[in-house]
Amino acid sequence: MKALIVDDSRAMRMILARTLKELGFDTVEALHGGDALEQIAVCGPFDLAIVDWNMPEMDGLEFVRRVRGTHCADSMRIVMVTTESEAERVAAALSAGADEYVMKPFTKDALSSKLEIIGLALP
């Protein structure tokens, strides 16, 4: 399984990469939504994208809208992992096409259970 990590924080990308590797994923990192679209074109397809909301150049919500609107990665599951906790934000992300939503800070178990919900649990 292959995951794309989209977050402008180097520390968060490292944490997510380590967690996803422990869960059996190979990972590729992107600094923002525009970078992530390039990674999809060059390194895709991906089974999963873990996406932060607040990033420069292209935020996570715009990335989700673009991916779902252009059908460039229809089968890719998208999980927003962010500090944005307002119900309207969660609804906006899910409405735009995110498959799940995880609040930062998160645990490996919390992320793993969300991946299981969207059908990406590994044996």
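FYI, it's all coordinate maths here, none of it is from the lab. The structure displayed is predicted, hence computed values, not measured ones. Virtual Cβ from ideal backbone geometry, glycine too; neighbours counted across all protein chains shown.
Which of the GluC sites (Glu not before Pro) across segment 41-122 are loop residues per DSSP, with 15 or fewer other Cβ within 10 Å?
For GluC sites (Glu not before Pro) across segment 41-122 that sit outside H, G, I, E and B with at most 15 neighbouring Cβ atoms in 10 Å, the list reads 57, 86.
Quick one: Kirkwood hydrodynamic radius for segment 2-114, alpha-carbon pairs, angstrom, one decimal? It would help to have the intermediate numbers written out before the result.
Values: mean 1/r = 0.0735 Å⁻¹.
So the Kirkwood estimate lands at 13.6 Å.
Based only on other Cβ atoms within 10 Å, what is the fewest-to-most ordering of 82, 19?
Exposure proxy ranking, most exposed first: 19, 82.
Net charge near residue 82, counting Lys/Arg +1 and Asp/Glu -1 over other residues with Cβ under 11 Å of its Cβ?
Numbers: positive: 89, 104; negative: 7, 52, 59, 84, 86.
Here the charged neighbours net out to -3.
What is the sum of charges around residue 113, taking Lys and Arg as +1, Asp and Glu as -1, for the other residues whose C-beta is under 15 Å from the C-beta of residue 113?
Details: positive: 77, 108, 114; negative: 22, 99, 100, 109, 116.
So the environment of residue 113 carries a net charge of -2.
Between residue 18 and residue 68, what FRET efficiency comes out of the Förster formula 1/(1 + (r/R0)^6) with R0 = 22 Å and r the beta carbon distance, rounded to 0.05?
E between residue 68 and residue 18, to the nearest 0.05, is 0.20.
Can you pull the one-decimal nm distance between simple spin-label points at residue 91 and residue 42, each 7 Å off the Cα toward Cβ?
Between residue 91 and residue 42, the simple spin-label model gives 3.9 nm.
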